[in-house]
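Everything below concerns the one structure shown next.
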Amino acid sequence: MKLPVLSSEGGLALYLQEIKKFPMLTAEEEYMLAKSFKEHGDTEAAHKLVTSHLRLVAKIAMGFRGYGLPLVDLISEGNIGIMLAVKKFDPERGYRLATYAMWWIRAQIQEYVLKSWSLVKIGTTAAQKKLFFNLKKIKNQLKAINDGNLSPENVREIARKLDVKESEVVEMNNRMFSVDQSLNAKLTGDSETDWQDLIADERENAEVIVENEDENNFRKKILYDAMSNLNQREKEIIIARKIQDSPKKLEELSKKYKISRERVRQIEEKALEKLKREIRKSN
C-alpha cells in the first residue's frame, strides 16, 4: 500500500502537509469502503481508509515524542498500526474506524518504543508497560521529574495511582533515568573482547514469537467481539474509562452524558459484566 513518503525529520513538515490533502470520510463512506474491502478485497478502498486516518496517526505519534526517538519512526510505526486496524476492522460491529484503530496505532508505537528506547528489555507485562508510559507524566505532576531517586512518599503515591508494586516503581525509575552503556565497549582498554560477547542469546525462537503473536491477536479479537454486544453509550464509557491511555473521570463523563456520576459508574459496571460474560463464552 503506497503512502506519502516520510524519509527524515527534515521532510516531516512536508509529510504533515501532504496528509492533510486526504479527505476525511463520513460514517457512510467509511462503512461502504470497509465493506468493499472486507467482502471483495478492494485494495483501493483500503487505501482510502488508511490515508483518511494518517492525521490521527501523526497526532497519536506526537504524544510519544518524550522518549527520545525520531518522530518519523514513531509515525511510520503508527502507520503500520492503522494498516493492521483496517485489515481487522469489521464495519458491521457499529464502531467508527478511528475508535477501533486508536488501540492498534498506540500498541504498535508502544511496542516500538519499548524495543528501541533501551538496550535492556523492559515492560514485559501490561502493568509494567503502563508504568513505563505513565511514570514520567506522574513524576511531573508530583514535581519530581528531576529526582533521580524518588522519595518513599512519591514511590507510594505512584504505585497507588498505577496499581503496581513499589519495588516496580523504583526499578522502572532507575531504568528510565539512567544511561545505557554501549555493549560494543571493550572489556578493557587493550582488550579485543566486547561486553556483548559475554552475553548469552536468550531470544525466543521464531516459533515462540509467532505463537505469542497469535495468542495476542486472539485475545484482541475476543475483546473486540465482546464489545460489539454493548450499546453505543456503554462502548464509549468503557473505552473512556478502561481503554484510553488517560482514563476519563466519572465527573467528566457525567457532564458529557448529563447523568450522575453514580449512573456512569453503574453503566460501566454493567458493561464490564457483559464483557466478562461474553469473554467467558469464548474461552
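Every number in this text was worked out from the coordinates using simple rules, so none of it is lab data. Since we're looking at a predicted model, the values are computed, not measured. No Cβ is skipped: glycine too gets one built from the backbone with ideal geometry, and neighbour counts run over all protein chains shown.
Things to note:
- Computing FRET efficiency as 1/(1 + (r/R0)^6) for Lys242 and Ala27, where r is the C-beta to C-beta distance and R0 is 25 Å, gives about 0.55.
- Listed residue pairs exceeding 19 Å between alpha carbons, taken from Lys129/Lys281; Lys136/Lys220; Lys35/Lys88: Lys129/Lys281; Lys136/Lys220
- In terms of its C-alpha gyration tensor, region 1-117 has a prolate overall shape, because the principal axis ratio a/c (a ≥ b ≥ c, square roots of the eigenvalues) is not below 1.5 and a/b outweighs b/c.
- Pairs of Cα atoms nearer than 8 Å and 6+ residues apart set the relative contact order; for region 1-117 it is 26 percent.
- Rounded to whole Hz, the Karplus (6.51, -1.76, 1.60) HN-Hα couplings of region 248-257, x for glycine and proline: 6, 7, 4, 4, 4, 6, 5, 5, 5, 9
- When Thr26, Thr51 are sorted by how many other C-beta atoms sit within 10 angstrom of their C-beta, beginning with the fewest, the order is Thr26, Thr51.
- Remark: region 225-232, residue by residue, has Karplus-estimated 3J(HN,Hα) of 5, 5, 5, 5, 8, 8, 7, 4 Hz, where x stands for each Gly or Pro and the curve is 6.51 cos²θ - 1.76 cosθ + 1.60 at θ = phi - 60°.
- Point-to-point label distance, Ile80-Asn229, nm (Cα→Cβ direction, 7 Å offset): 3.4 nm
- A simple spin-label model places the labels of Val170 and Gln17 5.3 nm from each other, with each point 7 Å out along Cα-to-Cβ.
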